[in-house]
Amino acid sequence: MTDLPSWGVASDSPTAEHYRTFGALEARGSSAVYEDWALGVADDAEMLGLIDELPRAKRQANLVFAAMRVVGVPIASWQGARGEAIARWPRIREVALTHATQTNEAARCAVLLPQLARIPGPLALLEVGASAGLCLYPDRYTYRYTDDDGTVTRIDPVVPTDVVIDCRIENTAPPTHLPDVVWRGGIDLNPLDPADPETLAWLDALVWPEHHDRRARLAPAARAAASDPAPIRAGDLNDLIADAAASAPADATLVVFHTAVLAYLRPEDRDRFRRTMAQTDALWLSNEGLGVFPEFERVMPPGERHRFVLAVDGEPVALTHPHGRTYRAL
């Protein structure tokens, strides 16, 4: 009797459902490799068993796939990559346990800029979940916004840059100037050093395989951050937010912002942070997936649940691409 293969078998486990959803909704149309890997893993009993050995917080597709790439699993179809993933699992497991999905995409500044440009300066920027701090420099990058009729608006910093960010902007005029930033700081459970080669290698692994523009942008954005490093405090954002905010200069407008961060908090910790922001004088920019604030469901069109919702002081103002490629004003 021939044994049945351990993959190609449907599973309804929570891990399988996570990978199936990731492949069908998040990766589809953005990464053919990750779509194929995710849907392959979702029906692979042996691989699911290995992933389920990890703590729940470490089973997410972005983390496991980045760990696979760090240890040398080839960028190929799932059928072509599966054998190496199984063989290298002990090392993949080690990387997943010791790393986190601290994706630091400088292009997310493009969806923050339309709001930052409206705030009277000078500005003090405080990012929670800052990673290596690449999003703390929205005034140092070049932007090219393409509006509804195809017109491109280019905005350049005073000092020329190698970081060029393209963004489609809809339902509103693009910004025309960069903010005057006089102070910047961050909070992260595990701050990363943008000058460290191993850090850059991990951030590179977190970039999806086909996203060549993001990969090309990473190194120059890291150089910009390393040339003028912002202080990033290590610890829990709820524990540190008040003290970090108090460090900002009193004569600047404090803007607290975050992207794809609150989803990693427990609901009660998320509520605590929200209460803190409601009680502070800072302006609060939140750019998060739909599950973070379920009440934002009302602004999300059918079929676009993969979008992020950008909110100002808790009020939705735009739908954005998770990696900063599009901004659609509400």
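A compact table of results
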{"quantity": "Count of the stretch 279-308 residues which are farther than 15 Å from A329 by Cα, in a loop (DSSP other than H, G, I, E, B) and within 17 Å of the chain's Cα centre (by Cα)", "calculated": "6"}
{"quantity": "Matching entry among P194, P179, P175 (being in contact (Cβ under 8 Å) with a residue 60 or more places away in the chain, crowded, with 17+ Cβ neighbours inside 10 Å, in contact with a helix residue (DSSP H, G or I) (Cβ under 6 Å, 6 or more places away or on another chain) and over 24 Å from G129 (Cα atoms))", "calculated": "P175"}
{"quantity": "Every residue from the stretch 29-45 that is free of Cβ contacts under 8 Å to residues at least 60 places away in the same chain and buried (at least 16 other Cβ atoms within 10 Å of the Cβ)", "calculated": "E35, D36, W37, A38, L39, G40, V41, A42, D43, D44, A45"}
{"quantity": "Which listed residue, of D239, D193, D251, D243, is of a type in the set (D, E), part of a loop (DSSP other than H, G, I, E, B) and over 21 Å from the mean Cα position of the chain (by Cα)", "calculated": "D251"}
{"quantity": "Residue in the stretch 193-203 that is over 22 Å from L218 (Cα atoms) and either touching a strand residue (DSSP E or B) at 6+ places or on another chain (Cβ under 9 Å) or of a type outside the set (D, E) (or both) present", "calculated": "no"}
{"quantity": "Any hit, the stretch 103-122, residues being part of a strand (DSSP E or B), in contact with a strand residue (DSSP E or B) (Cβ under 6 Å, 6 or more places away or on another chain) and outside the structural domain of I51 (by TED's automatic domain parsing)", "calculated": "no"}
{"quantity": "Of the criteria (1) assigned by TED's automatic domain parsing to the domain that holds P249; (2) more than 22 Å from the chain's Cα centre (by Cα); (3) aliphatic (A, V, I, L, M), which one A85 fails", "calculated": "(1)"}
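The values are calculated or read from the model by the stated rules, or taken from the named source; none is laboratory data. Values in this document were obtained by computation on a predicted structure and should not be read as measured data. Cβ coordinates were reconstructed from backbone atoms using ideal geometry, including for glycine residues, and neighbour counts include every protein chain displayed.
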